[in-house]
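Some notes on the structure that comes next.
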Amino acid sequence: MKKLVLFLLVLSCVAFGGIYYGNLHSHTSYSDGSGTPDQAYEYAKNYLDVLAITDHAYYFAQKINGKTKPYLTKLAAERHTEDGKFVALQGFEWTAGVGHINVYESLEWIDRNRESSLEGFYRWLVEHRKLAQFNHPISTFGTFDSFRYFPEADEYVNLIEVGNGNWSSGDVINPEMYGNYILALNRGWHLGATVGQDNHKPNWGSANEARTGIVADALTYDSIMDALWKRHTFGSEDRNVRVLFKSNQYLMGDVVFVDDLSPRTLTVEYQDTEKLLYLAVISQSGTVLELRPNIERLNLTLSVTPSDGYEWYFVYMKQMDGDEIVTSPIWFQIPSSVYVNSVRVSPEEIHEGESAKIYFEVYNVTDEEKEVTLSVLLDDEALREVPQKFSPYQVKRFVVPTKTLKKGYHRVSFLVDGKIVQSASFFVKEKLKGVIMIDTLHENDHLEKLKVLAEELEKKGYRVEYPKVMLKDLSGVDILIISTPKEGGLNFAKKLSQKELEAIENFKGKIYIVPGGDEEYRKIYLEQIKGEVVTIEELKKLLGE
């Protein structure tokens, strides 16, 4: 649900501090890329302020002249780093079936042969206290067990790629990575947005214009690393756009601890030769502001009121040429040892008179045991209030059922020791007219037309379901639609099993039979099933009424 916000748009010159442009994901011949680290750093100086070489760790077992590859890369990085001109970083990429993760500035390393589990990798990371980044979070490479939250690892995994790619078009921020960025934030991770070229060819920085913007005090090793640890970043498909997102003295990436839910000021600044076509301020509660400025310089101030004691905001931008920019979030959190996240209300579509289940996770962010009182409220009425004990960094998962619900918006609030640490809103639609099941398992004819009809029926207040394995579970179904088989197809799939026939015979609701093209099976179905024979058009009229 969108919120009302107050904002002031100023068209003026924008004063920016230090914004530097880097590529935090690249490879050399030390793994499956090209060239040496020296060649990569020297080449990148013509295109970037910062380059991180993150070769695949499973290549590191082979040494070069008795020296480890991370050590040799570190020596090259030190040779090529020059204050005010260029910062060279090194690290490695851990790759496993669950996903790929970069680790920065580490001479020690771990690979999938030594540790292939996510939990094992996180233990290694916490033990070695190194900065890490979730790489290209898409199903092809892995999404880290859907970003299952590990509170202790959250201190070290501070970055995430919202875009990744080496192709010349530079269209590297895609909907799946962007959606998984939001998913990770909703699971509880504190992550800064980046874009990586993931170079495997000798084109470090020149593959396209995709960059990670880094807001730092100076172009020095210490300042750049400090900014990356603090998530002071944005991911961009434009090579030199200047973007700032802040709240008073706090920058994108910062966690702001607050005592109450009073209004907060956010500022967005943009400057580029390419006009800003679209801007949205996104929060955990939804989109709070959308604009189409169509200008080259922007200074936007808005006031927002957090919904609860754990709220984040980031900015999404799109330029006239299609280039996208995604900032790191700013978090507003009430101080607590225990938080709630991963809130989900099921089913997604709820109708008046139905109940729902609320799924959520509760976790301890400290290294000490904690005992708290957890309260779950629905529209300010208690659903559950229980004491809970947590071991250090423990995550617990809960499911709480609701009572039957009325039409309209509802709000679930989660309190820890009386402080609201999370909330979620959901909408209950008007009462269902009925539940319709459409058979799709028996080479049924007219399925495309029936799917179009299903969309129309859902708009009119019906719920449409489809059998998954067999046409036998008809509990809760009011209307059954069976289209007899089409011509062709597999004869064995056209036959109704004895269990299916028994379920249909015992069904108490209305049955509509739509004649299909296979005459033989049409006769069989009409002999086996007692129902009203109708055409698609007749169905539309009958159910539309």
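Laboratory data are not the source of any read-out in this text; all were calculated from the coordinates shown. Everything numeric here is computed off the predicted structure, so don't read it as measured data. Cβ: placed from backbone, ideal geometry, glycine included. Neighbour counts: every protein chain shown.
Could you line up LYS494, LYS472 from fewest to most neighbouring Cβ atoms inside 10 Å?
LYS472, LYS494
Just order 92-103, 397-408 by mean Cβ neighbour count inside 10 Å, highest at the front, would you?
On the way: 92-103: 22.2, 397-408: 13.1.
Order by mean packing, descending: 92-103, 397-408.
Once label points are set 7 Å from the Cα along Cα→Cβ at both THR404 and MET470, what is their separation, rounded to one decimal in nm?
3.2 nm
Projecting each Cα onto the charge dipole of the stretch 338-428 (Lys/Arg +1, Asp/Glu -1 at the beta carbon, about the Cα centre), which of VAL376, THR402, PHE414 comes out farthest on the positive side?
Going by the charge dipole, the pick is THR402.
How high is the FRET efficiency between GLN39 and GLU108 when r is their beta carbon distance and R₀ equals 25 Å, given to the nearest 0.05?
It comes out at approximately 0.50.
Quote the relative contact order of the stretch 434-544 in percent (integer), defining contacts as alpha-carbon pairs under 8 Å separated by 6+ residues.
Values: 182 pairs, mean separation 34.5, N = 111.
RCO, the stretch 434-544: 31 percent.
Could you give the length gained on full extension between ASP379 and GLU115, defined as 0.36 nm per residue of separation minus the Cα-Cα distance, in nm?
Numbers: separation 264, 0.36 × 264 = 95.04 nm, distance 4.61 nm.
Extending this stretch completely gives an extra 90.4 nm.
Only sites in a loop by DSSP and with at most 13 other Cβ atoms within 10 Å count here; which chymotrypsin sites (Phe, Trp or Tyr not before Pro) in the stretch 408-479 make the cut? Walk me through the numbers before you get to the answer.
Numbers: sites: TYR409, PHE414, PHE426, PHE427, TYR462; in loops: none.
The qualifying sites: there are none.
Could you order peptides 202-213, 143-154 by the average number of other Cβ atoms within 10 Å of their residues, highest first?
Peptide ranking by packing, descending: 202-213, 143-154.
If neighbour count is taken as other Cβ atoms inside 10 Å, put LEU89, LEU539, LEU501, LEU251 in order from fewest to most. Don't skip to the end; give the middle numbers.
Details: LEU89 25, LEU539 22, LEU501 15, LEU251 19.
Lowest count first: LEU501, LEU251, LEU539, LEU89.
Can you tell me the 0 to 90 degree angle between the C-alpha axis of helix 175-187 and the longest principal axis of the chain, rounded to 10?
Computed tilt is about 90 degrees.
Run the simple label-point estimate for LYS85 and THR267 please: 7 Å along Cα→C-beta, distance reported in nm.
For the pair LYS85/THR267, the computed spacing is 3.4 nm.
With each label point set 7 Å from Cα along the Cα-Cβ vector, what nm distance links THR366 and ASN186?
3.0 nm
Express as a percent, rounded to the nearest 5, the fraction of DSSP beta bridges in the chain (both residues included) that run antiparallel. Can you show the working numbers first?
On the way: 103 of 140 bridges.
The answer is about 75 percent antiparallel.
Return a whole-number percent for the relative contact order of the chain, with Cα pairs under 8 Å and 6 or more residues apart as the contact set.
The value is 10 percent.
Between GLU456 and ASN248, what is the FRET efficiency for a Förster distance of 35 Å, r being their Cβ-Cβ separation, to the nearest 0.05?
Taking R0 as 35 Å, the efficiency between GLU456 and ASN248 is 0.10.
On C-alpha positions alone, give me the angle between the axis of helix 447-459 and the longest principal axis of the chain, in degrees, nearest 10.
Its long axis makes an angle of about 80 degrees.
By counting other Cβ atoms within 10 Å of each Cβ, how are THR484, THR373 ranked from fewest to most?
THR373, THR484
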